[in-house]
1. Quick check for me: using +1 on Lys/Arg Cβ and -1 on Asp/Glu Cβ, what's the dipole size of the chain about its Cα centre, in debye to the nearest 20?
2. At K97 and T176, where each label point lies 7 Å from the Cα along Cα→Cβ, what is the point-to-point distance in nanometres?
3. Give me a comma-separated list of calculated 3J(HN,Hα) values for the stretch 52-65, in order, Karplus coefficients 6.51, -1.76, 1.60 applied at θ = phi - 60°, integers in Hz, x for any Gly or Pro.
4. Cα extents of the chain along the three principal axes, largest first, in whole Å?
5. State which entries of K59/K322; K25/K59; K97/K206; K154/K237; K154/K322 exceed 30 angstrom in Cα-Cα distance in the structure shown.
6. Dipole of the stretch 68-138 (Lys/Arg Cβ +1, Asp/Glu Cβ -1, origin at the Cα centre): which of N98, V73, I125 lies farthest to the positive side?
7. Just for the chain, what percent of DSSP beta bridges are antiparallel, to the closest 5?
8. Please list, ordered by chain and number, the residues whose modelled amide H lies under 5 Å from the amide H of A28; skip anything fewer than 5 residues away on the same chain.
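Read the figures in this text as sums done on the coordinates, not as results from a lab. Keep in mind that this is a model prediction, so the values were computed, not measured. Counting neighbours? That spans all protein chains shown, and the Cβs are built from the backbone with ideal geometry, glycine included.
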Amino acid sequence: MAGRTAIGLDIGTSSVRAAQVTITKGNAVLDRFGQVPLPVGAVRDGEVADPDAVGQAIKQLWASTKFSKKDVVIGVSNQRVFVRMVDVPWMPAQDLKNSLPFQVADLVPMPIEEAVLDFVPLDEIMSDGNRQIRGLLVAASQDMVLGAIRAAQKAGLKATTVDLTPFALLRSAGTTDPLSQFGPEAVVDIGSRVTNIVVHEAGVPKFVRILLLGGDDVTTAIVDRLGIPITEAERMKRDPQFLTSDAGADARRIVDAALTEFVDEVRGSIDYYLATSASRPLSRLVLSGGGSLSQGLAQKLATAVRSQVEYGRSFAQLTIGKTGLAPEQVRFVEPLAAVPVGLAMGAAS
Ligand SMILES: Nc1ncnc2c1ncn2[C@@H]1O[C@H](COP(=O)(O)OP(=O)(O)OP(=O)(O)O)[C@@H](O)[C@H]1O
Ligand SMILES: [Mg+2]
């Protein structure tokens, strides 16, 4: 039986990344993975700001990694995507789809005719004797989504699907093992500028938060406080040996303060969910993204959210195919691959 092949394209702030996955009879294989850095300013706050520069980088990515298709699934995650739990009157699925814009117009912080809408039904509830459907409403600015699609088009690609980045993360990095039966699991992807949080129970998303925060805030804090070039600050931040040396004491304090601030924001989002949903405590928090590699961050998060913190394994559900990557390269890219892998898995299954 021929498998289904899909390619997930993650347009991040620092890089464009793509993963090609083929699923045959339930067996998922990573066929290809590649990434190309983006120039500063090409993507701002999670949105394509310079379509030509992004298109150029994607073109380079397709030239350097031999993907077998030009159809891609794109992820979106920024301040122009709104995700909230909402209740709507119960009705057959098709009717709900047709009437969704009218049902949710008042709930969405943008003109409804300018939004791309999706609704993920989660539960049926009774409210004042009325049957209702509780679910996650996703509303994304059409204009922003088109910006991402156009960047892919500039590289000769066709975006067949646009997905919410946190949903992709849930597929690749979320776990449903026995520990996560004890309470919801949070998956947190920390990028340069965007942090995606998704809380789920047994694979069902319950809460999504997109924060404009990430590893670049740590670098910027070093630049501002020490008055050094960004490349040097970036190097310091990634060098645990330097940070623990006497010479690195100032940088260490700055990194520590920036991470504490960051952790407070993530804790705030998770505490909000736990308090408003009357949920059980978290069973675990799973990390991905380049920003999660900062030394000491996992420990700080574990204390703040009072749960176990682990690094997610983007390739855990995949067999590594003939990617052309050496085993150490596979290990290096795994924390960075959660989004494109999850996008591809959603479309290939
Ligand atoms: N070893 C490391 N230690 C600390 N920080 C790191 C390390 N490697 C990468 N980073 C940081 O990770 C961030 C980049 O992460 P990632 O590649 O996941 O972001 P992105 O997907 O391009 O951006 P975004 O998701 O925010 O749009 C940068 O801030 C970078 O400094
Ligand atoms: Mg990212």
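1. Details: 35 positive and 38 negative charges, 228 e Å.
That gives a dipole near 1100 debye.
2. Rounded to a tenth, the inter-label distance reads 2.3 nm.
3. Residue by residue, the stretch 52-65 yields 5, 5, 5, x, 4, 5, 5, 4, 5, 4, 6, 6, 8, 10 Hz.
4. For the chain, the Cα spread along each principal axis is 67, 45, 41 Å.
5. Values: K59/K322 22 Å; K25/K59 32 Å; K97/K206 20 Å; K154/K237 35 Å; K154/K322 28 Å.
Listed pairs above 30 Å: K25/K59; K154/K237.
6. The Cα lying farthest towards the positive end belongs to V73.
7. Numbers: 54 of 73 bridges.
Of the beta bridges lying entirely in the chain, close to 75 percent run antiparallel.
8. Placed amide hydrogens put T319 under 5 Å from A28.
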